[in-house]
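Asks: This is the structure, below, for whatever I ask next.
The values are calculated or read from the model by the stated rules, or taken from the named source; none is laboratory data. Computed from a prediction, not measured in an experiment: that's the story for all the values here. Every residue, glycine as well, gets a Cβ built from its backbone with ideal geometry; the counts of neighbours run over all protein chains shown. In case anyone asks, the SASA skips ligands and DNA or RNA and just uses the protein heavy atoms, side chains included. Shrake-Rupley method; radii C 1.70, N 1.55, O 1.52, S 1.80 Å.
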Amino acid sequence: MSTASVTRAEYCVIACAEAWRGNGEVLASPMGLIPSFGARLAKRTFSPDLLLTDGEAMLVGLDGTAEGWLPYRRHLTMVTGGKRHVMMGASQIDRFGNQNISCIGDWEQPVRQLLGVRGAPVNTLNNPVSYWIPRHSARVFVERVDMVSGVGHDRAREAGVTRYHRLPRVVSDLGVFDFTGPGQSMRLASVHPGVTVGQVRAATGFELAADGEVPFTREPDAQELRLIREVIDPKGLREREVRG
């Protein structure tokens, strides 16, 4: 499979799927189209023990058919017990993984009201949380978030709540990031083919750690590409969210 035949959106699906590699029997909670495709791909290939949800009160199979009931109390038990791995979005995210989905601007008089903190604090302090950002820019990757919704590494350390705090990865339309930089800061782990390190740095509002020559995001194999195109997303909806 040549690199030229794989689209940017498909690399993003692969990168999101990799977030759940090795997770075992946990509830995958993808928020967004590309993360949802990634979770389904992971379950069909290298993470068969993943549990998928319809986002409401049911556990579902690979075809979306309900397989079990997931009452809210049981859902919260999985959250607080660390048996859930969420992939959320972020209107802003900083170098330590503090996430904002609440408001833009000063809290006293914000220029834009967003979703509110929702479940982000509980998620980030109790179970693994990764992030998907479909439009990588310096407006999203910021030096300091306007309000903390999801808790980053620096604030978790300050508050002494690191026992269950884990941010495995961030995936954007430009690359993949982890938090193995200095002081658990964000590090550029890979760039998607067709993207340069310089492009990523120019679109990031803080100094981004990187180790030597940054690799490309891994290629999907033939089976994964077939599953993405023919089984998981035959309508090609992924291409509407991410354009190369």
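Asks: Suppose R0 equals 51 Å; then what is the FRET efficiency for Asp106 and Phe46 from their Cβ-Cβ distance, rounded to the nearest 0.05?
Replies: Step by step, r from the Cβ atoms, then E = 0.70.
Asks: Same structure, new question: Testing the spin-label approximation: label points 7 Å from Cα along Cα→Cβ at Arg118 and Glu230. State their distance in nm.
Replies: 3.5
Asks: By its C-alpha gyration tensor, with a ≥ b ≥ c as the square roots of the eigenvalues, how is the chain shaped: rounded for a/c under 1.5, else prolate for a/b larger than b/c, else oblate?
Replies: It is oblate, given that a/c is not under 1.5 and a/b is not larger than b/c.
Asks: Now, a different point. Please label the shape of the range 176-233 as rounded, prolate or oblate, based on the square roots a ≥ b ≥ c of the eigenvalues of the alpha-carbon gyration tensor (a/c under 1.5 means rounded; beyond that, a/b larger than b/c means prolate, else oblate).
Replies: Prolate, because a/c is 1.5 or more and a/b exceeds b/c.
Asks: Rounded to the nearest 500 deg cm²/dmol, what is the calculated helix-only ellipticity per residue at 222 nm for the chain, with -39500 (n - 2.57) per DSSP H run of length n ≥ 4?
Replies: Result for the chain: -6500 deg cm²/dmol, rounded to the nearest 500.
Asks: State whether the range 125-178 is rounded, prolate or oblate according to the following rule on the C-alpha gyration tensor (a ≥ b ≥ c being the square roots of its eigenvalues): a/c under 1.5 gives rounded; otherwise a/b larger than b/c gives prolate, and the remaining case gives oblate.
Replies: oblate
Asks: I've got another one for you. What's the carbon and sulfur percent of the range 39-136's accessible surface, probe 1.4 angstrom, rounded to a whole number?
Replies: Taking all protein chains in place, the range 39-136 shows 53 percent carbon and sulfur surface.
Asks: Picking from Pro134, Leu167, Val6, whose Cα lies most toward the positive end of the charge dipole for the chain (charges on Cβ: Lys, Arg +1; Asp, Glu -1)?
Replies: In the chain, that residue is Leu167.
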